[in-house]
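All remarks here apply to the structure that follows.
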Amino acid sequence: MRAELVINWENYEEHLDEAAFLWSQWERSLVAPDYVLAETLSDEERLLARLDALRLGGAPVATRLLVPALESDEAERVAAAAHLLLTEDVPAGGGEAVRAALETAAPPVLAALGRALELLEPRALPDWVVALLDHQEPHLRALSLGVLCAHGMDPGPGLAHLLRHEHPQVLAAALRASGRLRLRPDPEVLPRALASPAPEVRDAAIETGLLQGQHAAWAACQKAVMERAPRLRLPALLLALGGDVRDLEHVRGLLTLPEHLPDALWALGFSGRVSGAEACLDWLETEAVAPLAAEAFCAITGLRLEGPFVATSTEPPDAEEGGLDEDLSLKPERALPLPQPGAVAAWWSENRKHFQPVRRYLYGSPFTAEALREALWEAPMRRRHALALELTLRSRGTWWPPTRAFSTRQFAALRALPETFGRAFAEGPLA
């Protein structure tokens with residue numbers, strides 16, 4: 001008589017608990033201001049080890065632990081379980097359980113399920129992801145578009161219809177998918193989207209238009225900042241990345257508006273300009289935004305904010321009172337150090353002579369393709385996403401560094417980065 005396999009359920013429950021925790025830790029590391037890419041590997045390796053341990057449990061563990069975990073209200077637990085259930089070597093039926101969970105998932109859990117799908121190997125992506133494009137629920141259509149876009153996969157002929165969808169989330173996702181595939185939508189689609197009152201649609205249309213080098217997209221970006229439209233994080237960033245002196249003046253003008261102040265400081269840090277660095281200096285004594293201002297200043301000048309340049313207070317600023325970016329659910333800015341304004345100002349007084357007002361700098365070095373490539377390896381994790389966006393736009397979508405993927409994909413993409421790039425964000429004489 002064959003002995004029955006005895007499963008130590010307590011061990012597997014511990015593996016799932018740890019996988020959920022490590023999933024959360026790894027996601028935080030991807031937007032951390034105090035991690036670089038190499039430092040995320042420890043969290044990632046520990047996470048993958050726990051997932052592998054659960055995978056070895058096969059069908060019994062999938063049935064007893066992973067499928068029920070999909071009903072959790074803890075997003076990271078759902079993501080870890082879903083990712084395992086969707087892999088090829090987990091017994092059949094796991095993918096259908098994930099598909100069913102999508103139907104009733106609350107927004108945070110739905111986002112977690114989307115991340116689990118984005119992080120799969122493309123060959124493991126279930127067929128029903130494409131089928132969701134015809135679902136009646138707009139959020140599931142948007143999720144399908146987002147997952148396919150993350151994998152660079154064509155949604156098929158239905159994309160043209162979705163580019164006319166009334167729901168902002170669906171339309172924004174469809175625009176980004178067309179941009180990723182380097183497709184030109186029908187002539188009337190982009191102008192209508194650029195004029196949309198929904199910021200998510202406007203931003204997606206701007207990105208898509210800039211991938212095509214269209215002046216209309218750049219003009220919409222400028223217009224949004226000049227008219228102080230809602231939610232200017234992306235338009236302000238793009239003006240700082242690709243604009244001229246006048247564009248940067250408009251970004252600095254946002255500093256006077258409390259609702260736009262954090263976004264303006266964030267953008268100025270990517271401008272690389274002396275004027276941007278000096279504008280940030282003015283906010284080092286405003287404790288609620290001083291860490292953001294110092295981060296931006298250091299990203300331009302290369303100053304390392306440590307030792308005498310850090311204030312002795314260890315209390316983080318109140319993000320709510322300071323009006324910090326509420327769209328970042330992980331609040332990575334809370335890990336930024338509080339600067340010592342006098343020491344930073346004294347350093348700048350001594351070192352300003354090394355910087356030319358007409359040049360653009362990245363961590364103290366003149367901005368070049370080589371400097372950008374190096375920053376994608378070495379810059380703090382939370383800043384790499386914007387740097388990758390600049391490379392994507394300047395290459396017209398030839399390069400898409402996957403800065404939110406597992407390290408294997410990230411390293412492969414970074415090793416293949418171009419030697420040079422230099423295209424403006426829109427065709428013509430743009431600085």
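The values are calculated or read from the model by the stated rules, or taken from the named source; none is laboratory data. All figures in this text were calculated on a predicted structure; none of them were measured in a lab. Backbone-built Cβ (ideal geometry, glycine too); neighbour counts: all protein chains shown. Accessible surface is based on the protein model in full, side chains and every heavy atom, while ligands, DNA and RNA are left aside. Shrake-Rupley method; radii C 1.70, N 1.55, O 1.52, S 1.80 Å.
The table below lists the values:
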{"item": "Subset of the range 157-212 [under 18 Å from the mean Cα position of the chain (by Cα) and open to solvent by 30 Å² or more (accessible area, probe 1.4 Å)]", "result": "GLN169, ARG176, ARG180, GLU200, GLU207"}
{"item": "Selection within the range 66-94 - out of contact with any Ser or Thr (no Cβ under 6 Å at 6 or more places or on another chain), open to solvent by less than 20 Å² (accessible area, probe 1.4 Å) and part of a helix (DSSP H, G or I)", "result": "LEU66, ALA69, ALA79, ALA80, ALA81, ALA82, HIS83, LEU84, LEU85, GLY94"}
{"item": "Verdict on PRO122 being modelled with pLDDT of 95 or more and surrounded by fewer than 22 Cβ atoms within 10 Å (Cβ to Cβ)", "result": "no"}
{"item": "Residues (part of a helix (DSSP H, G or I) and either farther than 25 Å from ALA106 by Cβ or open to solvent by 60 Å² or more (accessible area, probe 1.4 Å) (or both)) located in the range 51-60", "result": "ASP52, ALA53, ARG55, GLY58, ALA59, PRO60"}
{"item": "Single residue of ARG384, ARG404, ARG352, ARG359 found to be modelled with pLDDT of 95 or more, surrounded by 13 or more Cβ atoms within 10 Å (Cβ to Cβ), of a type in the set (D, E, K, R) and under 19 Å from ALA279 (Cα atoms)", "result": "ARG352"}
{"item": "Residue that is farthest from LEU338 (Cα to Cα) [pool: residues in the range 38-50 that are open to solvent by less than 20 Å² (accessible area, probe 1.4 Å) and in contact with a Leu (Cβ under 8 Å, 6 or more places away or on another chain)]", "result": "LEU47"}
{"item": "Filter result (under 17 Å from ARG396 (Cα atoms) and crowded, with 23+ Cβ neighbours inside 10 Å) within the range 240-257", "result": "GLY243"}
{"item": "Of the criteria (1) open to solvent by 30 Å² or more (accessible area, probe 1.4 Å); (2) free of Cβ contacts under 8 Å to residues at least 24 places away in the same chain, which one ALA224 fails", "result": "(1)"}
{"item": "Conditions (1) over 18 Å from LEU389 (Cα atoms); (2) outside any helix (DSSP H, G or I); number of the one not met by GLY213", "result": "(1)"}
{"item": "The range 285-303, residues that are charged (D, E, K, R) and not in a helix (DSSP H, G or I)", "result": "GLU285, GLU287"}
{"item": "Meets criteria (closer than 30 Å to LEU163 by Cα, among the charged types (D, E, K, R) and without any contact (Cβ under 8 Å) to a residue 12 or more places away in the chain) for ASP127", "result": "yes"}
